[in-house]
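The values are calculated or read from the model by the stated rules, or taken from the named source; none is laboratory data. Computed from a predicted structure; not experimentally measured. Backbone-built Cβ (ideal geometry, glycine too); neighbour counts: all protein chains shown.
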Amino acid sequence: MEYLQKPVNNLSSYSPREDEKEKASNGYLMSVIAVMAGLPLPIINLLASILFFLLNRKATYYVKWHCTQALLSQVTIFFMNSVAFGWTVKIITGNAPLTNTYLGYLFTIIIFNVTEIILNISAAIAVRKGHHKEWWFWGALTNRLIKPGKQ
Amino acid sequence: MKKLAIQFIVFAGSFFLIWMGLAQLPWTKWLHAQNFSAKRQKAMSDVFIKAYGLKNRSISDEEVKTIIDTIKQRICISNKIDTATIHIYIYQNPEINAYSLPGGNIMVNTALIAQCNNPEMLAGVIAHEIGHIESGHIKKRMVKEIALSVAMLFGGDNLGIIKTVLKELSSGKFDRTQETEADTKAVHYLATAGVNPLPMADFFDKLHRLRGDTPEIMEWISTHPNSIERANLIRKLSSKQYYSAIISDSSWHRLQAASININP
């Protein structure tokens with residue numbers, strides 16, 4: 001469903017409608033649920049976020065912006081987790097040694113994954129309440145990619 | 001754009017800093033992971049032995065086991081290969097086949113032993129499979145088997161998945177480079193052990209001759225292409241030197257009798 005809306009220049013001061021809040025919030029929740037369902041396969045959460053993003057590509061600027069932010073964070077985590085997955089398979093099959101470097105990487109991505117889950121949950125709650133949540137780096141990247149829509 | 005680039009650099013930099021910082025900690029010591037490889041090999045062996053029903057279908061005759069162990073010891077010890085890492089099973093199966101499985105397991109079907117004219121032919125087949133194991137071919141193939149990765153991660157003891165992967169692994173589809181490498185290693189192992197490698201070439205010739213007559217028993221050769229070329233390579237690599245018998249005639253007759261009785 002496509003919505004007509006007034007051009008949005010500042011998301012911080014924008015008051016989203018109830019359905020916008022719900023959709024934008026679901027974008028983050030989708031990531032969290034998919035991460036939990038998809039681990040340790042790194043592709044599941046990315047696919048879920050892409051699907052949700054595509055379903056909402058014609059949505060309002062507010063919804064699209066938050067879906068994109070959620071997707072971009074998933075892409076970053078996807079690359080990190082893919083390396084860990086490939087590395088783990090190599091170790092399991094005896095093609096790589098189990099080293100402190102590998103375990104250091106594993107614990108690093110655990111930190112990043114947990115942080116990302118916490119960020120997603122907090123963003124889902126904040127966005128559901130109508131507050132704009134712009135993450136460091138991913139928020140700036142989203143601003144570069146998603147421009148305010150025209151009426 | 002500049003702000004975004006700075007944020008990206010800080011983000012990537014913090015990731016690497018955390019990684020490098022955590023990598024300095026002695027995780028392997030804390031997690032007692034030094035024995036991980038040995039434990040993994042043992043676990044893998046157990047899974048495959050269980051999946052294949054090896055305890056029920058391998059020859060349990062102690063005398064036969066001792067004869068096979070003699071061949072293994074002769075090849076391994078001379079070539080400084082840890083004998084504890086190689087496990088040879090004589091598998092009751094009417095198909096002429098021998099293959100290596102993860103965990104250093106080598107399966108030799110009774111039908112293959114029945115087709116060997118002398119113990120050196122059998123030693124050649126075993127040396128070839130040891131060559132695959134020592135070259136890491138099994139591990140390389142396993143990496144390609146995504147199904148196995150999933151099986152190991154989600155259900156290490158899921159026999160249904162393991163059996164599907166086993167079917168693929170036991171087909172012995174190594175590529176030509178890997179076959180040549182295993183053949184070359186086999187000739188080297190045999191020569192070092194003072195075992196004549198030429199019967200190995202004769203075995204390839206024999207299988208090639210049999211191909212048209214008994215297609216159903218030619219699995220081993222059909223999955224190992226260019227047998228004539230390979231026989232020629234083995235002859236080319238073999239050097240003229242003094243070779244001694246790998247096992248006594250009586251032991252060989254005992255082994256063959258045990259195999260033929262199962263596959264008359």
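Descriptive notes on the structure:
- Going through (1) small (G, A, S); (2) surrounded by fewer than 17 Cβ atoms within 10 Å (Cβ to Cβ); (3) at pLDDT below 85 one by one, A:A59 falls short only on (2).
- The set of residues in the range A:111-151 being free of Cβ contacts under 8 Å to residues at least 24 places away in the same chain, among the aliphatic types (A, V, I, L, M) and more than 10 Å from every other protein chain (Cβ to nearest Cβ) consists of A:V114, A:I118, A:A126.
- Condition met for A:Y105 (within 10 Å of chain B (Cβ to nearest Cβ) and buried (at least 21 other Cβ atoms within 10 Å of the Cβ)): yes
- Extreme residue, modelled with the lowest pLDDT, among residues of the range B:221-245 that are assigned to a loop (DSSP other than H, G, I, E, B) and closer than 20 Å to B:H132 by Cβ: B:T223
- Only a single criterion out of (1) in contact with a Cys (Cβ under 7 Å, 6 or more places away or on another chain); (2) surrounded by 24 or more Cβ atoms within 10 Å (Cβ to Cβ); (3) under 13 Å from B:Y189 (Cβ atoms) is not satisfied by B:L122, namely (3).
- For the range A:129-144, filtered to residues that are of a type outside the set (S, T, N, Q) and surrounded by 17 or more Cβ atoms within 10 Å (Cβ to Cβ), the residue that is farthest from B:L4 (Cα to Cα) is A:H132.
- Annotation: A:C67 fulfils all but one of (1) part of a helix (DSSP H, G or I); (2) modelled with pLDDT under 90; (3) surrounded by fewer than 19 Cβ atoms within 10 Å (Cβ to Cβ); the unmet one is (3).
- Of everything listed in (1) under 19 Å from the mean Cα position of the chain (by Cα); (2) over 24 Å from B:S135 (Cα atoms); (3) at pLDDT 90 or above, the single unmet condition for B:M20 is (1).
- Failed item in (1) within 14 Å of chain B (Cβ to nearest Cβ); (2) farther than 16 Å from A:L145 by Cβ; (3) surrounded by fewer than 22 Cβ atoms within 10 Å (Cβ to Cβ); (4) in contact with a helix residue (DSSP H, G or I) (Cβ under 7 Å, 6 or more places away or on another chain), with A:N81 passing the rest: (3)
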